[in-house]
Structures are given as structure tokens and as C-alpha cells.
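The values are calculated or read from the model by the stated rules, or taken from the named source; none is laboratory data. From a predicted model like this one, the values you see are computed outputs, not experimental measurements. All Cβ positions, glycine included, derive from the backbone under ideal geometry; neighbour counts span all protein chains shown.
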Amino acid sequence: MPSSPAANRRTVSPEHWPTLAAVDAALRGAMERCEHRPFVLGLCGAQGSGKSTLSERLAAQHRKAGTNVAQLSIDDLYLTRAEREALAHEVHPLLRTRGVPGTHDTALGLATFRSMDERQSTPLPRFDKSIDDRAPFSRWDRADADTRILIFEGWCVGAHPQAGEALLAPVNALERDDDPEGVWRRFVNDRLAGDYQQLFGRLDFLVLLAAPSFDVVRAWRIEQEHELRASVGPGPHATMSDAEVGRFIQHYERLTRHILAEMPGRADLVLRLDEKRSLRTVETPC
């Protein structure tokens, strides 16, 4: 991934460079330096930041222009429910909840990248959140052998681990009450420092959709749940109350805060959002 030190950045006013145009322009420029394998674009953004929508629109735009594009979410690499249950029993109960590093099948992700690099027609894993398990292979998509761009998006795509001392103090009630000895957060950090770095090392370009704060991320996630509840209507549906969302998002708080503090100094493109998810500023390498 090209180096892009924060000291060499310029800020572009959002009214002159909307989000999609910003990413598209940067992508086209970077692709000129990558001709012999699929170009892997990493999109990192907290829950509710709009990364999936951006991925869809960017892919549609390039497909319309005749470019073969594949899409993969880090969510599609989740371990199966049975595998997470085993981790919950063997390591820590919090690993039953999907999301944090250590709950993904990184070997599957690396094998997918290798197959695409070898210009093979490649199955793309898919996860079914409605059953909290990996979708049957028959429902997986497939990347064509001549795929030119792979968009790899997720809340922790491209993340770096924290220093060990940063893990000592809990960041929220979940860590204080459910992980008082720090077993869970050390496991997550160790896994992030290991095979996840191999996975993220395949990125050719990293884009960060930067929320203004973690408190805004919490509000975005609650808003998403309200929209889901409105769409499914009354009845016994798999939606969460505001309190349940508040607990759920605590699983992601530590690493989300770390990403917002650390990643802007090294991402290739930083799109800073306001509370409405509107683009505030764009930071690019000089």
C-alpha cells in the first residue's frame, strides 16, 4: 500500500469533491500502478458510516464503464456459528458474538485473494446474518477470472493492533464487567497483530470513512436498528432495543476508537464525515 504520511496531506473542500468522486478519482490514479492483478480497494468505516452504500455505488459506476468488479465484506468471512461457540468455550464467552478480530476466517480470506491473484474464477464467501451462520456454498457469488477491482469493505479493514499497555484499562462497562482480566481484548489484539495483517497487507489502497466520534457511531447504529424495525413491522423479529444496541456496540468500541485515532495518519484517503454522514473534508496525499 503506498505510503501517505499525514504531514504531506492537503485538505479538499467537500463541495468540490463529493464522496464517490473522491474515491473514484483516487482509485483510478492508483490503479495505473497496478496492472497485473486485481486491484484491492480497502474501505474502512465504523458501523453506519455508509461504507456498504459507497461500495455498491462505486462498483456500479465501474461496471457501467465496462470494468469487472467484485465485492467482499469482512463480514462475509465470519467463522461459522459452531466455530464461534467453540471459541466461546475455549477462550472467552464474548467471542460468541461475531465482529471483532478473532471471529473471522482469515485463512478463507487469504485463499480467496490468492485465487483471484492467480486469475482464477473464484467463489466469494457469503455470511447470512439472519441465521448467524455462513451461507451455503450454493449462495456464494463468484469473481470472474478477469476481475480488475476487488472492493474489500468492513469496520476494521486495515486496522493495526494496539500497544499492550493500552489494553490494561477497560474502555466501557462490557470490558469492565465481562472481561475484567482482559483475556478477550488480548486475544482480539493478538489475532489482529497476526494473520489479519497478512490479509490487510494485500490492500493496494485504503480509504477511511472517519466518523466525528464514537458517540456518533452509537447513534448511527441505533438509527439503523430503528429503520430495520420499521421495515419489518410489528411482531417477534430479530431487532434490538436501544439498550441492546448500546451493549452490542461496546464490543467494537475499543478498536473503533483506536482506528479513528490512528488510521488517518496512514490511510491513502480519509473522508471525514459529520453527524449526518455528509462529507466534511477529504484528505489525500500530495
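Per-structure values
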| quantity | calculated |
| --- | --- |
| Residues (in contact with a Pro (Cβ under 6 Å, 6 or more places away or on another chain) and closer than 24 Å to ARG114 by Cβ) located in segment 166-202 | ARG191, LEU192, ALA193, TYR196 |
| Matching residues in segment 1-59 - criterion: being buried (at least 16 other Cβ atoms within 10 Å of the Cβ), farther than 13 Å from VAL207 by Cα and at pLDDT 90 or above | PRO38, PHE39, ALA59 |
| Top-ranked residue in segment 235-284 [being assigned to a helix (DSSP H, G or I) and among the acidic types (Asp, Glu); ranked as nearest to GLY50 (Cα to Cα)] | GLU253 |
| Selection status of ASP190, of a type outside the set (Ser, Thr, Tyr), modelled with pLDDT under 95 and out of contact with any strand residue (DSSP E or B) (no Cβ under 9 Å at 6 or more places or on another chain) | no |
| Residue within segment 29-47 that is without any contact (Cβ under 8 Å) to a residue 60 or more places away in the chain and in a helix (DSSP H, G or I) present | yes |
| Close pairs from segment 207-227: first among the small types (Gly, Ala, Ser), partner surrounded by 15 or more Cβ atoms within 10 Å (Cβ to Cβ) and in a helix (DSSP H, G or I), Cβ under 7 Å, at least 6 apart | ALA210/LEU260; ALA210/PRO264; ALA211/VAL217; ALA211/LEU260 |
| Residue within segment 75-95 that is surrounded by fewer than 22 Cβ atoms within 10 Å (Cβ to Cβ), within 18 Å of the chain's Cα centre (by Cα) and in contact (Cβ under 8 Å) with a residue 60 or more places away in the chain present | yes |
| Any hit, segment 204-221, residues being farther than 17 Å from GLY154 by Cα, acidic (Asp, Glu) and outside any loop (DSSP other than H, G, I, E, B) | yes |
| Pair list, Cβ < 9 Å and 6+ apart or interchain, from segment 173-192 residues that are of a type in the set (Gly, Ala, Ser) to residues that are surrounded by fewer than 14 Cβ atoms within 10 Å (Cβ to Cβ) | GLY182/LEU168 |
| Cβ pairs under 8 Å, 6+ apart, first in segment 125-152 and touching a residue at least 40 places away in the same chain (Cβ under 8 Å), second outside any strand (DSSP E or B) and acidic (Asp, Glu) | PRO125/ASP76; PRO125/ASP105; ARG126/ASP76; PHE127/ASP75; PHE127/ASP76; LYS129/ASP75 |
